[in-house]
1. Can you order the peptides 339-346, 193-200 by their average number of other Cβ atoms within 10 Å per residue, highest first?
2. Return, for the Cα atoms of the chain, the radius of gyration and Dmax in Å, separated by a comma.
3. If R0 is 51 Å, what FRET efficiency do you get for Val183 and Lys286 from their C-beta distance, rounded to 0.05?
4. Gain in length, Gln330 to Asp407, computed as 0.36 nm per residue apart minus the alpha-carbon separation, to one decimal in nm?
5. At what distance in nm do the modelled label points of Thr265 and Val81 sit from each other, each positioned 7 Å from its Cα along Cα→Cβ?
6. How high is the FRET efficiency between Asn352 and Val144 when r is their beta carbon distance and R₀ equals 41 Å, given to the nearest 0.05?
7. Mind ranking 546-556, 218-228 by how tightly packed they are, going by the mean number of other C-beta atoms within 10 angstrom, highest first?
8. Report the label-to-label distance for Lys585 and Ala366 in nanometres (one decimal), using points 7 Å from each Cα along the Cα→Cβ vector.
Amino acid sequence: MCKQLSCFLALALMLAYSTVVNAQVALLPTEAIPFKTNAKTTSTLTTVDVAGQPFQKAYRITISNPSVNESFTLRYTIDSVVQKGDVMLLSFYSRSRQSKKETGESFLEISLDQVIAGKYTWPPLVERGMSFGSSWVLTQIPFVASKDVATGDLSLVIKCGSFPQQFELGQLALVNYKGAKKVADLPRSIVHYDGDAPDAAWRKAAADRIEKHRKGNLAVRVVDAVGKPVTDASVAVRMTRSAFAWGTATNSKLLMDTVSAEAKTYRDTLLRYFNKVVFENEMKSKNWATTNHDQTKRAVAWLRSHDIPARGHVMVWPSWQHSPHLIKYQRDKAALGTAIMEQIADEMAVMNGQFVEWDVVNEPYAHHSIIDSLGGKSVMVKWFEAARKNTPGVKLFLNEYTMFHGDGPGSENFYNNVKYLIDNKAPIEGIGEQGHIGGTPPAIELVLQRLDHFAEFGLPIQISEFDITSDDDDFKARYMRDFMTAIFSHPATTGFVQWGFWEKAHWIPAGALWDKNWQPRAHGKVFTDLVSKVWATNATGTTGKDGRFAVRGFTGDYEIVVKKGTAKTVQKVMLGADGQLVTVKLMAKKG
């Protein structure tokens, strides 16, 4: 019988793991899981009999009329302690009965959340989203606990109400092996996402766009001192810098550390693979008063000496939570408005000429309490206007994280804010989508559709804070390749900035491209392969009778070295998508 979904549910469920064996501990009840749910009355949760499987009972979840803003959520508080480093396995069977999703599959998100005194504490121990069809499939997720969790603070959470569907779950189990097992010893299911198929239609179209928008024809014409074509001259063409921005978050302390060997490796790695940076925390408005601006300027000067531009982040993060330095003005709107304007002016004066881009407003979709206090989003226009003063040539961005969210208000709110700023003559010149990816990644086709949608404004779009929160290296590598390919292929995008790259200097250590010992992770190898090999051009050859050598290369800066006999010439050139013809005069060595 189905009970009221606002109450605790005690439902029979046979579990694969029901006893404690040595250090192996089953963390879910053996006969009943008292789920708490937030569901509407149109959603139901029952148990059904199952035949031909390793279990006899299963949950059946039916979502008939989902809320736009709230997913149907099952939650169970686990009465057990978890210690950092514990090796754990989450597993369950699932099958779809019916679904309104385009693929015909059902979909759920499952996570192990830490909740302390009723407050969610990020990040979860594990987070995974998955689609599944009409046949029973076993999902197994091994992982290592990233932190200590006290008894009663860990919750198993299943979200599954984003669209009409009916599916079943069976043999749900969570086992803590503590130190008795290694992750490599445990079974692991492959994480799938929409668009990951090798023959997915988007791949060919993306490859065609890359060929069209990210490459140009480079023709090198070699002549002698009197302008005659030189035959059989050797030509080496090497791309020294991509026109596309491959960026990372960094900090001036690491960049200016001339003592630590790790800092030197950090700088060397940055210089090898990145051509743009953003300062992770020191330019945030809440940290402005305590930042060593002279150190930041020295770091910018060092970056500039290596031809690496920097972004400023961020002038206004418009909530009390993220702007605690403004709370003292909470009851005085006039003083609040004045304080923000004065800080913007101070930032522009102190950091004049330091950055090529500035994030003026950050995350107004979720963090808008200060905007509300000052009368609504018209105040954002004033902030952009204030930021424009004394910043010639600096692109001003709105930075947000909802572009690739599923159906709902988040993505359209972002779109509408950009439109509002443009319609009201704000000097907005760029769109920053953070691109933080969790266990439920956006479908690749959705990413491309949303880019098309935002490209309507004619503004450059930049992925501004990319990372992946997942313990699954295979998934991170596959999604990294596909997401980067989709972004690079779109003509409206100008850059892909990650929120760090080294485990010891990353806000999500598991998301770092290199581990703490500077060993590249699987998704790190994907990144370096794409930016330094697949999407970089290095070619050699010889000139023909007409003195020409031609190559189709990726857009960017090039060094051309031409040799014949004792003669040698080195020339630099910039290649755009419209192509370039370079005439190189081959000069014999003197003496």
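Read-outs throughout are calculated quantities, based only on the coordinates presented, and are distinct from any laboratory measurement. Since the structure is predicted, the reported quantities are computational estimates derived from the model, not experimental observations. As a convention, Cβ positions derive from the backbone with ideal geometry for all residues, glycine included, and neighbour counts pool all protein chains shown.
1. Ranked from most to least packed, the peptides come out as 339-346, 193-200.
2. 27.6, 98
3. 0.85
4. 24.3 nm
5. Here the modelled spin labels are 3.4 nm apart.
6. Working from the Cβ atoms, E equals 0.30.
7. Averaged packing, sorted descending, gives the order 546-556, 218-228.
8. Calculated label separation equals 6.0 nm.
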